[in-house]
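One structure is given here, and the rest of the page talks about it.
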Amino acid sequence: MKERLTDISLLKEQVIDEFCELVQIDSQPGDEAALADVVAEKLREIGMNVYRDRAGEAFGGNAGNVIGKPTGVMKSEPILLCAHLDRVAPGNGISPQLKDNRITSGGDTILAADDVAGITAILAGLRLARSLGSFVPAVEVLFTVSEEDQLKGAKFLDCSLLESKMGCVFDASGPVGRVIIQAPSQVKFDATVIGRSAHAALNPQDGINAIQVASKAMSDLPFGWVDNVTTANIGIIRGGESTNVVCDRVTLSGEVRSQCDKNAEKVASEFLTAFKKAANEAGAIAETNQRVMYRGYKIGEESQLMHLVKNAIGKTGRTMIPETSMGATDANILNSYGIQCVALGVGYEQVHSTCESIAVEELLASAELAYHLITGNQGFA
Ligand SMILES: [Zn+2]
């Protein structure tokens, strides 16, 4: 084990350089082609066959998901290692700064450690595994597009390109060792209240104000924590054009998340029922819809995946921290395809802000973890 730790530290310069190289390639959701080409070439250099699916075409993006598989026959079931290629705005023109063993952006953009840290870790782990010699690592790699845009890349993934039944998504905050073993379902909903317009001063008695109807419905709804595993929120409200018009139309959009699949749908329905009831009482109409955006997952402690993850984390000298999250990752979608997945902490901090940063130590620990996941999956020490 000590030898391998030394190997990781020898890779320090290379890992930092590769991280900085990749964050400088612009890669907004739907515009990942340049970064996809670069990581595809890197996978080939490592000795993988590279496949691209057509996910981007489904939603107007310029690239599909990138999939890497080892050349040669895998002798055991592969483990899937996943990270995403896109990043949130402002994420173009990033100039990474290394200071005191921590990497930050130049201050005017995000850093994109979310999720270049995941990509870098997987590439470095693969190189190390390859350096062991002639064996064919039992691993598949998935770099998704448009994760930040409602997990679209994963949603349109061509699963026929993958054989893995389990995997790890390198895309969670917190230190290396943190493992998201449970994540929620999300249901989104919209309600449009249609009242009747009239002049607000000349004949207001002829109007039905949709804003007032909507606010009556909302006044009794539970916002925030609905129960200890469920949250609800209305985050968008649009309506009205002039102060002298009784507003006849207002649209509200919201979401419910829950660790319990059924609860998410039930609470969303209750929200929509409230709008219908208030509309009905006021002589207005409420048009509603709700849709499941992703399903939750929960991975059991005794699963083969969790044994592998726990051992691999142990080999990095850290302790596994299993946690439940209220956020979603590609792991939500992959689980719904029957690929049992957890999300792993990769050490990035303050993501989706210009203060985003990552400690070099975490970048190296992630790479080491990727290496131990690959080798541990086929019984290498
Ligand atoms: Zn991410």
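If you take the residues in segment 350-381 that are among the acidic types (Asp, Glu) and in contact with a helix residue (DSSP H, G or I) (Cβ under 8 Å, 6 or more places away or on another chain), which one is farthest from Leu80 (Cα to Cα)?
So in segment 350-381, the residues among the acidic types (Asp, Glu) come out as 356, 361-362, 368.
Still in the running and in contact with a helix residue (DSSP H, G or I) (Cβ under 8 Å, 6 or more places away or on another chain): 356, 362, 368.
Values: Glu356: 27, Glu362: 21, Glu368: 16 Å.
Filtering first and then ranking leaves Glu356.
Taking only segment 23-76 into account, find how many residues are under 19 Å from the mean Cα position of the chain (by Cα), within 20 Å of Leu162 (Cβ to Cβ) and among the polar types (S, T, N, Q). Going through segment 23-76 one residue at a time, the tally reaches 1.
Per-residue answers, yes or no, for (1) in contact with a Phe, Trp or Tyr (Cβ under 7 Å, 6 or more places away or on another chain); (2) closer than 15 Å to Ala264 by Cα; (3) in a loop (DSSP other than H, G, I, E, B); (4) β-branched (Val, Ile, Thr):
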{"site": "Phe189", "(1), (2), (3), (4)": "yes, yes, no, no"}
{"site": "Leu202", "(1), (2), (3), (4)": "no, no, yes, no"}
{"site": "Gln212", "(1), (2), (3), (4)": "no, no, no, no"}
{"site": "Lys216", "(1), (2), (3), (4)": "no, no, no, no"}
{"site": "Leu221", "(1), (2), (3), (4)": "yes, yes, yes, no"}
{"site": "Trp225", "(1), (2), (3), (4)": "no, yes, no, no"}
{"site": "Ala232", "(1), (2), (3), (4)": "yes, yes, no, no"}
{"site": "Ile237", "(1), (2), (3), (4)": "no, no, no, yes"}
{"site": "Glu241", "(1), (2), (3), (4)": "no, no, yes, no"}
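Is segment 20-30 home to any residue that is crowded, with 19+ Cβ neighbours inside 10 Å, among the charged types (D, E, K, R) and either in contact (Cβ under 8 Å) with a residue 24 or more places away in the chain or farther than 23 Å from Pro175 by Cα (or both)? No; the residues of segment 20-30 include none that is crowded, with 19+ Cβ neighbours inside 10 Å, among the charged types (D, E, K, R) and either in contact (Cβ under 8 Å) with a residue 24 or more places away in the chain or farther than 23 Å from Pro175 by Cα (or both).
Could we say that Ser146 is in contact with a helix residue (DSSP H, G or I) (Cβ under 6 Å, 6 or more places away or on another chain), in the same structural domain as Ile339 (by TED's automatic domain parsing) and surrounded by 20 or more Cβ atoms within 10 Å (Cβ to Cβ) here? So Ser146 passes the test. For segment 222-273, the tally of residues that are surrounded by fewer than 15 Cβ atoms within 10 Å (Cβ to Cβ) and of a type in the set (Phe, Trp, Tyr) stands at 2. Pairs are defined by a Cβ separation below 6 Å, a sequence spacing of at least 6 or placement on different chains, a first member in segment 328-355 that is farther than 23 Å from His307 by Cβ and in a helix (DSSP H, G or I), and a second member that is within 13 Å of the ligand (Cβ to nearest atom) and hydroxyl-bearing (Ser, Thr, Tyr); no pair meets this definition. Scan segment 81-91 for residues that are more than 15 Å from the ligand (Cβ to nearest atom) and either under 16 Å from Ala63 (Cβ atoms) or crowded, with 22+ Cβ neighbours inside 10 Å (or both) and the total you get is 0.
Would you pick out the residues in segment 96-117 that are away from the ligand (no atom under 16 Å from the Cβ) and either farther than 17 Å from Val360 by Cβ or not in a loop (DSSP other than H, G, I, E, B) (or both)?
Of everything in segment 96-117, those that are away from the ligand (no atom under 16 Å from the Cβ) and either farther than 17 Å from Val360 by Cβ or not in a loop (DSSP other than H, G, I, E, B) (or both) turn out to be Gln97, Leu98, Lys99, Arg102, Ile103, Thr104, Gly106, Gly107, Asp108.
Among the candidates Gly91, Gly107, the residue that is among the small types (Gly, Ala, Ser), farther than 22 Å from Leu161 by Cα and over 21 Å from the mean Cα position of the chain (by Cα) is uniquely Gly107.
Checking each residue in segment 310-320 for being surrounded by 15 or more Cβ atoms within 10 Å (Cβ to Cβ) and either outside any helix (DSSP H, G or I) or within 13 Å of the ligand (Cβ to nearest atom) (or both) picks out Thr316, Arg318, Met320.
Of all residues in segment 42-72, those that are basic (Lys, Arg) and out of contact with any strand residue (DSSP E or B) (no Cβ under 7 Å at 6 or more places or on another chain) total 2.
Among the residues of segment 334-356, those that are aliphatic (A, V, I, L, M) and away from the ligand (no atom under 13 Å from the Cβ) comprise Leu334, Ile339, Val342.
Summed over segment 58-80, the residues that are modelled with pLDDT of 95 or more, surrounded by fewer than 22 Cβ atoms within 10 Å (Cβ to Cβ) and part of a loop (DSSP other than H, G, I, E, B) give a count of 2.
Before we move on, is Val193 β-branched (Val, Ile, Thr), away from the ligand (no atom under 16 Å from the Cβ) and either part of a strand (DSSP E or B) or surrounded by fewer than 22 Cβ atoms within 10 Å (Cβ to Cβ) (or both)? Give the steps one after another, and end with the answer.
Details: β-branched (Val, Ile, Thr): yes; away from the ligand (no atom under 16 Å from the Cβ): yes; either part of a strand (DSSP E or B) or surrounded by fewer than 22 Cβ atoms within 10 Å (Cβ to Cβ) (or both): yes.
Answer is yes for this residue.
Comparison of Lys99, Lys155 shows that the only residue that is free of Cβ contacts under 8 Å to residues at least 12 places away in the same chain and closer than 23 Å to His352 by Cβ is Lys99.
Among the residues of segment 122-175, which ones are within 14 Å of the ligand (Cβ to nearest atom) and either over 21 Å from the mean Cα position of the chain (by Cα) or not in a loop (DSSP other than H, G, I, E, B) (or both)?
Result: Ile122, Leu142, Phe143, Thr144, Lys152, Gly153, Ala154, Cys168, Val169, Phe170, Asp171, Ala172.
The values are calculated or read from the model by the stated rules, or taken from the named source; none is laboratory data. This one's a predicted model, so the numbers in the text were calculated from it and none came from an experiment. Counting neighbours? That spans all protein chains shown, and the Cβs are built from the backbone with ideal geometry, glycine included.
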